[in-house]
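Taking it in order: structure first as structure tokens, then the write-up.
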Amino acid sequence: MKIRLTSIIAIIIGSAIMGFGINAFNIPNNLAEGGITGISILIKLLFPSVDQGIVFFLLNIPLFILGWKVLGRTAFIYTILGTVSLSVFLSLFEGVYPMPMQDRLLASLFAGVAVGVGLGIIFRYDGTTGGVDIIARLLQKYMGISMGRTLFFGDILVIGASLVYLNVESAMYTLVAVFIAARVIDFFQDGAYAGKALTIISDHANDIAKQILDLGRGVTLLAGKGAFSGAEKQVVYVVVSRNEVMRYKSIVQGIDPHAFVIVNDVHEVLGEGFTLDENKQPIRS
């Protein structure tokens, strides 16, 4: 992997969003956070005079060693960039625009979205902010466990420890914020080009495939065989955008009302019609 300018800019922007969100929503509303960030917030809540950005950076130094050992050169540079950027923005936004709210649930939602969007952008462009993020990226790479899920369960441990300072109500609202952040992170990780996959089993597979092709979508015909009847059948497989599902279901029903149709979520689609145009060039969004 090469170091890309777009990734550098995105990681800095994501760090800025996260740093602003923590200072605007978490700290003014007595909400903790998970991981190393959560520990730095707790230290800030206990000792208001300390600089949270410096504390966050110092806590991450031991984990840089792990990052150097297990991450590639590019990923490690992005990790350093994300950690330093977040440390700077935590210090830069401290006390700039706090938003204490009477509605703690609303504060939790905004805190979760801000952290989730920030981290989601950072992860999307191959960066991390150190700490548990490094562990989450390793588990995703080698075990296929989503980063949002790893962060969520790691955060629970830190939030449980925060009960030493926070009351139970604050800890519960923090869990809401962490859960929202995890879902937002997974949304960014799943990709912007999400869609639906239609698997169609019909005696009129060729007619259905031709109709779909006429509308500009690629189709794959798979060989199938009924386990009970033993009859050979062709299976139509096509991936479409979410807003096209009803249109293609109507086409299938119009050709074969007895067709067996399975619709599955597709979390990310790469290729012609989604990320590439008909000339195999990237689609500019």
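Structure summary
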read-out	value
Simple label model, 7 Å out from Cα along Cβ direction - residue 207 to residue 267, nm	3.8
Segment 103-108 - phi-based ³J(HN,Hα) in whole Hz, Karplus 6.51/-1.76/1.60, Gly and Pro as x	8, 5, 5, 4, 4, 5
Spin-label model distance (nm) - residue 161 vs residue 220, 7 Å beyond Cα toward Cβ	4.5
Under Karplus coefficients 6.51, -1.76 and 1.60, residue-wise ³J(HN,Hα) of segment 197-214 in Hz, glycine/proline x	10, 10, 10, 10, 10, 7, 6, 10, 4, 5, 5, 5, 4, 4, 5, 5, 4, 4
Exposure of residue 165 as accessible area (Å², to 10), given a probe of 1.4 Å and all protein chains	100
Max mean-square fluctuation residue, GNM over the chain, Cα-Cα springs under 10 Å, options 200, 185, 122	200
Phi to ³J(HN,Hα) by Karplus 6.51 cos²θ - 1.76 cosθ + 1.60 over segment 36-44, Hz, x for Gly, Pro	5, 4, x, 5, 5, 5, 4, 4, 5
On Cα atoms only, tilt of 132-143 relative to the major axis of the chain in degrees	30
Distant-in-sequence amide H partners of residue 266 (H built 1.01 Å from N, under 5 Å)	195, 196, 197
Amide H contacts of residue 233 (H built 1.01 Å from N, under 5 Å, at least 5 apart or other chain)	224, 225, 226
Largest-first ordering by accessible area, 1.4 Å probe, given options 2, 225, 196	2, 225, 196
Cα-based shape type of segment 226-271, given that a ≥ b ≥ c are square roots of the gyration tensor eigenvalues and the cut on a/c is 1.5	oblate
Label selected from (1) 73, 42, 34; (2) 75, 68, 35; (3) 55, 45, 39, the criterion being Cα extents along the principal axes in Å as computed here	(1)
Links that overshoot a 18 Å alpha carbon limit, given the list 196/249; 225/249; 196/233	225/249; 196/233
The chain: most fluctuating residue of 45, 31, 119 per GNM, C-alpha cutoff 10 Å	45
For the chain, built as a Gaussian network whose Cα springs stay under 10 Å, the top-fluctuating residue of 121, 41, 208	208
Length released on extending from residue 109 to residue 68, taking residue separation times 0.36 nm less the Cα-Cα span	11.3 nm
Probe 1.4 Å, protein heavy atoms only - accessible area per residue of segment 127-167 in square angstrom	49
Expected 222 nm ellipticity per residue - DSSP helices of 4 or more, -39500 (n - 2.57), all of the chain, to 500	-18500 deg cm²/dmol
Signed unit charges on C-beta, dipole axis of the chain, positive-most listed residue 64, 188, 206	64
Gyration tensor verdict on segment 5-93 (Cα atoms; rounded if a/c is under 1.5, prolate if a/b is larger than b/c, oblate otherwise)	oblate
In Å², nearest 10: area of residue 204 left accessible to a 1.4 Å probe	80
Exposure ranking of 42, 90 by accessible area [1.4 Å probe, largest first]	42, 90
With Cα atoms, 0 to 90° folded angle of helix 5-21 axis to the chain main axis	60
For segment 196-251 versus segment 110-138, the gap between their alpha-carbon centres in whole angstrom	38
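The values are calculated or read from the model by the stated rules, or taken from the named source; none is laboratory data. None of these values were measured; they are calculated from a predicted model. Please note: Cβ atoms are built from the backbone with ideal geometry, for glycine as well, and neighbour counts cover all protein chains shown. All accessible areas refer to the heavy atoms of the entire protein, side chains included, with ligands and DNA or RNA removed. Shrake-Rupley method; radii C 1.70, N 1.55, O 1.52, S 1.80 Å.
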